[in-house]
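J.: Sharing a structure here in structure tokens format.
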Amino acid sequence: MRIDEFGDVGVQLEAENVPDPPEAYNEVMRILRFECDIGKGDIQENQYQHEKDGDTERIFSEIRAYDPKGKFSFIYVKVKIFIEMKPAKHEDYDYVGDIEVNGSARVRTHYPQESWFQQTILWHAFRVFFEKVLYNDVRQVFLNECDEYMMYIRDGLKSYFDMLPTIK
């Protein structure tokens, strides 16, 4: 049995005329690794698409990160990055383009249901008691971490975009 509970903070950012826009991908990875302290092996690029139509290139990437939080729970972060770019008419940059970043985080808890006992009504009653009375405060701490992760990503990307030179 799987239970998901989303954090309250999400990421939804757009930036236009960004020099070398694929570097935003590297910034997201840096934030996940070093700000959120998620191990390299727990971050995966789940989906990647790259299309070229004339001079315009479109890149879509979905990054998923998992932060284990005990025997049954982990924080699950999903960040989607969409980039549309063209070759730059500037000697310092190869490409210039627009970026859209969306992200969310949740606490995902898996309860085992492999044995016959774990499929009984008694087990489900215990699980509900455990979830509501004993584990609720622990899950709330994890949900607060979800919000912190999203704020790290949101604020980190905003700072990154603000530091970039403006290209017209």
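J.: Quick one: dipole size for region 58-118, taken about the Cα centre, charges +1 on Lys/Arg Cβ and -1 on Asp/Glu Cβ, in debye to the nearest 20.
T.: It works out to roughly 420 debye.
J.: For ASP94 and THR56 in the same chain, what is the full-extension length gain: residue separation times 0.36 nm, less their Cα-Cα distance, in nm?
T.: Between ASP94 and THR56, full extension yields 12.4 nm more.
J.: Applying the Karplus parametrisation 6.51 cos²θ - 1.76 cosθ + 1.60 with θ = phi - 60° to the phi angles of region 93-100, what ³J(HN,Hα) value in whole Hz is obtained for each residue in order, glycine and proline being reported as x?
T.: Per residue, the Karplus-derived 3J(HN,Hα) values read 10, 7, 9, 9, x, 10, 10, 10 Hz.
J.: Here's a follow-up. Over what distance in Å are the Cα centres of region 1-53 and region 116-168 separated?
T.: With region 1-53 and region 116-168 each reduced to a Cα centre, they are spaced 16 Å.
J.: Relative to the Cα centre, what is the charge dipole magnitude of the chain, using +1 at the beta carbon of each Lys and Arg, -1 at the beta carbon of each Asp and Glu, and rounding to the nearest 20 debye?
T.: Taking the Cα centre of the chain as origin, the dipole is about 920 debye.
J.: Right, next: Looking at region 59-162, which trypsin sites (Lys or Arg not before Pro) are in a loop (DSSP not H, G, I, E or B) and have at most 12 other Cβ atoms within 10 Å?
T.: The qualifying sites are LYS71.
J.: Mind listing the phi-derived Karplus ³J(HN,Hα) values for region 40-54, rounded to whole Hz, using 6.51, -1.76 and 1.60 with θ = phi - 60°, and x for any glycine or proline?
T.: Each residue's phi maps through the Karplus curve to give 4, x, 9, 10, 10, 8, 6, 9, 8, 9, 9, 10, 10, 9, x Hz.
J.: Now for a separate question. What are the ³J(HN,Hα) couplings of region 74-81, residue after residue, when phi is run through the Karplus curve with 6.51, -1.76, 1.60 and θ = phi - 60°? Round to Hz, x for glycine and proline.
T.: 8, 8, 10, 10, 10, 10, 10, 10
J.: OK, next. Please arrange THR56, THR109 by counting, for each residue, the other beta carbons lying within 10 Å of its beta carbon, fewest first.
T.: Fewest-to-most Cβ neighbours within 10 Å comes out as THR56, THR109.
J.: Amide H to amide H under 5 Å from TYR135: which residues, 5+ apart in sequence or cross-chain, H placed 1.01 Å off N in plane?
T.: Under 5 Å from the amide H of TYR135: no residue qualifies.
J.: Determine the calculated [θ] at 222 nm for the chain from helices alone, applying -39500 (n - 2.57) to every DSSP H run no shorter than 4 residues and normalising by the residue count; nearest 500 deg cm²/dmol.
T.: Roughly -9000 deg cm²/dmol at 222 nm, from the helical runs in the chain.
J.: While we're here: What ranking do GLU35, GLU51 get, fewest neighbouring Cβ atoms within 10 angstrom at the top?
T.: Ordered by Cβ neighbours within 10 Å, fewest first: GLU51, GLU35.
J.: For the chain, compute the number of Lys pairs whose alpha carbons are separated by less than 29 Å, excluding pairs fewer than 8 positions apart on the same chain.
T.: 28
Every number in this text was worked out from the coordinates using simple rules, so none of it is lab data. These numbers come from a predicted model, not from an experiment. Note that we place each Cβ from the backbone using ideal geometry, even for glycine, and neighbour counts take in every protein chain shown.
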